[in-house]
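Student: Mind having a look at this structure? Questions to follow.
The values are calculated or read from the model by the stated rules, or taken from the named source; none is laboratory data. Remember, predicted model here, so these are calculated numbers, not experimental data. Using ideal geometry, Cβ is built from the backbone for each residue, glycine included, and neighbour counts are taken over all protein chains shown. Surface accessibility is based on the protein's heavy atoms, side chains included, excluding ligands, DNA and RNA. Shrake-Rupley method; radii C 1.70, N 1.55, O 1.52, S 1.80 Å.
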Amino acid sequence: MATKKQPVMEWTDDRYILLLREMIASELFQFKKGSPDRGKIWESIQEGLNKLDHPKFTIKEKKGVRDRWNLLQVKFKRIQREELQSSGIDCVLSEKDALIEELCEKEDSFSAKDKKKSVDKEAAEEIRKKAMERMASKKKIKRIRWRQRQKDSKKRGRCS
């Protein structure tokens, strides 16, 4: 018995546009890359696309959607760089390219916010560390002064 193999899905511009619209609607980039929440969003995008009747999607895993986005993004950025270097002027973008550009901007703004948070966190940790060091040195000074007073009071007590 021969098993019937499903034909491989071909990615057309219509399918890309549906994928990109689904990504924009899902607010994918509000979660950190690699987080479980972001994985759930990729999964919901995959399930949403597979539910469509026309065009019919056959995406088996969320990784397929994520990899397709990464390919689109790399290809778009390369083409944009080449066009900018060759002509020096902005070209008219197709709907697909406009959606990719919007998603790239969202991802970049999220990563900039994330970097700012980590810089702020590092600064706060440094301030906290310095404060603890100052507090420790003040305690040490107080302890030394207290011992000195104890010695002085014992000396005065013996002399009298």
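Student: Checking the condition open to solvent by less than 60 Å² (accessible area, probe 1.4 Å), under 18 Å from Glu105 (Cα atoms) and either within 25 Å of the chain's Cα centre (by Cα) or modelled with pLDDT under 85 (or both), which residue from Gln46, Gln73 passes?
Tutor: Gln73
Student: Of the numbered conditions (1) over 17 Å from Glu10 (Cα atoms); (2) touching a helix residue (DSSP H, G or I) at 6+ places or on another chain (Cβ under 7 Å), Leu20 satisfies every one except a single condition; which is it?
Tutor: (1)
A quick yes/no check of all residues on (1) assigned to a helix (DSSP H, G or I); (2) among the aromatic types (Phe, Trp, Tyr); (3) touching a residue at least 24 places away in the same chain (Cβ under 8 Å):
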{"site": "Phe76", "(1), (2), (3)": "yes, yes, yes"}
{"site": "Ile100", "(1), (2), (3)": "yes, no, yes"}
{"site": "Lys106", "(1), (2), (3)": "yes, no, yes"}
{"site": "Arg134", "(1), (2), (3)": "yes, no, no"}
{"site": "Arg145", "(1), (2), (3)": "yes, no, no"}
{"site": "Lys154", "(1), (2), (3)": "yes, no, no"}
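Student: On to the next question. Exactly one of these conditions fails for Gly39: (1) without any contact (Cβ under 8 Å) to a residue 24 or more places away in the chain; (2) open to solvent by 70 Å² or more (accessible area, probe 1.4 Å). Give me its number.
Tutor: (2)
Student: Do the conditions hold for Leu84, that is, is it within 27 Å of Lys115 (Cβ to Cβ), part of a helix (DSSP H, G or I), open to solvent by 80 Å² or more (accessible area, probe 1.4 Å) and modelled with pLDDT under 85?
Tutor: For Leu84, the condition - within 27 Å of Lys115 (Cβ to Cβ), part of a helix (DSSP H, G or I), open to solvent by 80 Å² or more (accessible area, probe 1.4 Å) and modelled with pLDDT under 85 - is met.
Student: Examine segment 113-130 for a residue that is in contact (Cβ under 8 Å) with a residue 40 or more places away in the chain, surrounded by 11 or more Cβ atoms within 10 Å (Cβ to Cβ) and in a helix (DSSP H, G or I), and state whether such a residue exists.
Tutor: The answer is yes; a qualifying residue exists.
Student: Considering each of Glu105, Glu101 in turn, give the residue that is under 30 Å from Leu19 (Cα atoms), open to solvent by 90 Å² or more (accessible area, probe 1.4 Å) and modelled with pLDDT of 85 or more.
Tutor: Exactly one residue qualifies, and that residue is Glu105.
Student: Checking Val65 against (1) under 20 Å from the mean Cα position of the chain (by Cα); (2) open to solvent by 30 Å² or more (accessible area, probe 1.4 Å); (3) closer than 17 Å to Cys104 by Cα: exactly one of these is not met. Which one?
Tutor: With (1) under 20 Å from the mean Cα position of the chain (by Cα); (2) open to solvent by 30 Å² or more (accessible area, probe 1.4 Å); (3) closer than 17 Å to Cys104 by Cα applied to Val65, the lone miss is (2).
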